[in-house]
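Comments concern the structure below.
The values are calculated or read from the model by the stated rules, or taken from the named source; none is laboratory data. For clarity, every value in this text was computed on a predicted model and none was experimentally measured. Neighbour counts run over all protein chains shown; Cβ positions are idealised from the backbone, glycine included. To get the accessible areas, we keep the full protein, side chains included, count just its heavy atoms, and leave off ligands, DNA and RNA. Shrake-Rupley method; radii C 1.70, N 1.55, O 1.52, S 1.80 Å.
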Amino acid sequence: MRHRRAAADGRRQRIIDAAIRVVGEKGVAWLSHRTAAAEADVPLGSTTYHFATLDELLVAALRQANEDFAKVIVSRGGPEDPRTDLAAELAGWIGEWLAGDRTGVELEYELYLAALRRPALRPVAAAWAEGVAELLSRRTDPATARARVAVIDGICLQVLTEVPYDEEHAREVLGAG
């Protein structure tokens, strides 16, 4: 029994990873239980066993994508040190995140925007913004923290549409106000 549970747990992750690849390569519209199963090389029944609805699968994929940005923040040490230039630190986070696997960044924003039409994704999308704002609130007031999250979103969306990332400009904008 224990071996079957471990295999099932690994299969669930394979399905999430496959969903991320499908959305990253072809977009949210192409994701289905069938395409996720084919990409993960698992039976179709495995996808519906682990994710009764497509929204459940999308939520799991968005949560995983959100974790990738959190890993960038953690790897850089976070913004807790009051001696660091917060705007420069944020600009560095953005640069590192965008310099990594663009598929993951594109996926996160595609899933984030899919929340407009898929209410099940909204709490996960909101949790990302709230989590980053909470982290930034350790160094600034909550309203400024939320404004900086909005600026980060805007910069990332622009860069994803082929505007080159300018870390110095990002630092200036994030430090304003």
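A compact table of results
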| quantity | calculated |
| --- | --- |
| Residue, surrounded by the most Cβ atoms within 10 Å (Cβ to Cβ), within the range 107-152, restricted to residues that are outside any loop (DSSP other than H, G, I, E, B) and among the basic types (Lys, Arg) | ARG148 |
| Residue match in the range 27-35 (condition: out of contact with any Pro (no Cβ under 6 Å at 6 or more places or on another chain), of a type in the set (Gly, Ala, Ser) and free of Cβ contacts under 8 Å to residues at least 40 places away in the same chain) | yes |
| Count of the range 78-97 residues which are open to solvent by 10 Å² or more (accessible area, probe 1.4 Å) and farther than 13 Å from GLY175 by Cβ | 8 |
| Tally of residues being at pLDDT 90 or above, more than 18 Å from ALA114 (Cβ to Cβ), under 21 Å from the mean Cα position of the chain (by Cα) and among the β-branched types (Val, Ile, Thr) across the range 29-87 | 0 |
| Residues within the range 135-153 that are without any contact (Cβ under 8 Å) to a residue 24 or more places away in the chain and closer than 23 Å to ALA61 by Cβ, tallied | 1 |
| Of all residues in the range 33-59 being out of contact with any helix residue (DSSP H, G or I) (no Cβ under 7 Å at 6 or more places or on another chain) and in a loop (DSSP other than H, G, I, E, B), the one that is nearest to ARG21 (Cα to Cα) | ASP41 |
| Residue within the range 164-176 that is over 30 Å from GLU56 (Cα atoms), out of contact with any helix residue (DSSP H, G or I) (no Cβ under 9 Å at 6 or more places or on another chain) and modelled with pLDDT under 85 present | no |
| Residue in the range 81-104 that is in a loop (DSSP other than H, G, I, E, B) and touching a residue at least 40 places away in the same chain (Cβ under 8 Å) present | yes |
| Residues being surrounded by fewer than 14 Cβ atoms within 10 Å (Cβ to Cβ) and farther than 29 Å from ALA133 by Cβ - total across the range 22-52 | 10 |
